[in-house]
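> Before anything else, here's the structure in question.
The values are calculated or read from the model by the stated rules, or taken from the named source; none is laboratory data. Since this is a predicted model, take the numbers as computed values, not measurements. No Cβ is skipped: glycine too gets one built from the backbone with ideal geometry, and neighbour counts run over all protein chains shown. In case anyone asks, the SASA skips ligands and DNA or RNA and just uses the protein heavy atoms, side chains included. Shrake-Rupley method; radii C 1.70, N 1.55, O 1.52, S 1.80 Å.
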Amino acid sequence: MGSEARKRSRERLKEQRAKEKRAAQRNKTLLVIGVAAVVVVLIVGVGYAILTADRRDSGFEGALAPQVLQEDGSVVMAQDGAEAPVVEVYADYQCPACRQFELVNGDTLKRTAAEGEAIVHFRPVSIFAQQSAPISTNSLRGGAAARAAADAGLFVEYNDLLFENQPAEGQEGFSVAELQEWFVEAGGTGEQAEEFDARVEEEAEVVDEFVEDYLPALTESAMEEIGEDTLGTMVLADLISWGADHGHDPSFLEGTYTGGIIDATGTIYTRYSGDNMFRGTPAVYINGELLSNDTAMTVRGLDQAIADADAGEVQTEPMGDGGEADTPQ
């Protein structure tokens, strides 16, 4: 064999060994990925098993504690004269994490309130009101409908149905027809349904005007006059206040439940500070102290936090004669 032939042979051998090495490395990588995938599946499976077991432990089928509508549109669920920790729950009906909290601890809230162990203060908000539709419209329609259900003393029942039927983020949902149908499912009487249906239709028109016309024009003006950096530091309620002084009339929101949800959302940013500052939904406070997600998102965690807390005081006032609407028998 000549030198050139030997050289070509060595090169072919070298190339073959390189191919074998690459193949071996590829097989090793696939094996690692396969093992990792199995581990992830196991972790997810175990986590789901723990979560569902936690939910099974939290089942509650008893009578609800009285629901009292507050002047600011929030709802307190507690036994009359209860002296117990105050559990405040801030949630957005378009928020997936809020739905998860409801699935995990909705029954915990009902049970502890019914047994006099907690005073549960529901505070619906809309952190998505400035997002594009349908995220914004879903959030606002859901919040306004929940407030309308509170007029009939059916907030908690309706709250459950909203989260149960929460649209996927980015998909159109909470249509007027659906919202009206769920009210009857929540226990609304025929007379109550007439008032509820009319209110939901009115609020839907307000939401459309806000999202499609008012907010885009307001935001465009703010971008031009105060700049993106300043605009980014303003909560929606402050932006609306600025707009009122710069040619953007917000009076169409006055007296509406949509406007009430927007106001409630703005207020929460100033209500708490420091470690208890509001950062997003769901936000669960006990006597003004913000719970960690690890505590709030498990039955055992929330149960223990309630058991360890002292009695607290509700910081709002009941509406009118006490705000407890007639609940259908």
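> Suppose the chain between Ala198 and Glu220 were pulled fully straight at 0.36 nm per residue; how much longer would it get relative to their current alpha carbon spacing?
Numbers: separation 22, 0.36 × 22 = 7.92 nm, distance 3.26 nm.
Full extension from Ala198 to Glu220 adds 4.7 nm.
> Take the solvent-accessible surface of the protein heavy atoms, probe 1.4 Å, and return the percent of it on the stretch 195-249 that carbon and sulfur atoms account for.
Working: 1290 of 3080 Å².
Here it works out to 42 percent.
> Going by a ≥ b ≥ c, the root eigenvalues of the Cα gyration tensor, does the stretch 230-287 fall in the rounded group (a/c under 1.5), the prolate group (a/b larger than b/c) or the oblate group?
On the way: a/c = 3.25, a/b = 1.67, b/c = 1.95.
Cα axes put the stretch 230-287 in the oblate bin.
> Could you give each residue of the stretch 112-121 its phi-based ³J(HN,Hα) in whole Hz, using Karplus coefficients 6.51, -1.76, 1.60 with θ = phi - 60°, and x for Gly or Pro?
For the stretch 112-121, the Karplus curve yields 5, 5, 5, 8, x, 8, 8, 10, 9, 10 Hz.
> Something else: Applying the Karplus parametrisation 6.51 cos²θ - 1.76 cosθ + 1.60 with θ = phi - 60° to the phi angles of the stretch 59-70, what ³J(HN,Hα) value in whole Hz is obtained for each residue in order, glycine and proline being reported as x?
Karplus-based 3J(HN,Hα) across the stretch 59-70 equals x, 9, 10, x, 6, 6, 5, x, 10, 10, 6, 9 Hz.
> Computed FRET efficiency, Cβ-Cβ of Gln100 and Tyr269, R0 22 Å: what is it to the nearest 0.05? Write down the numbers at each step before the final one.
Values: r = 23 Å, r/R0 = 1.05.
Between Gln100 and Tyr269 the formula returns 0.45.
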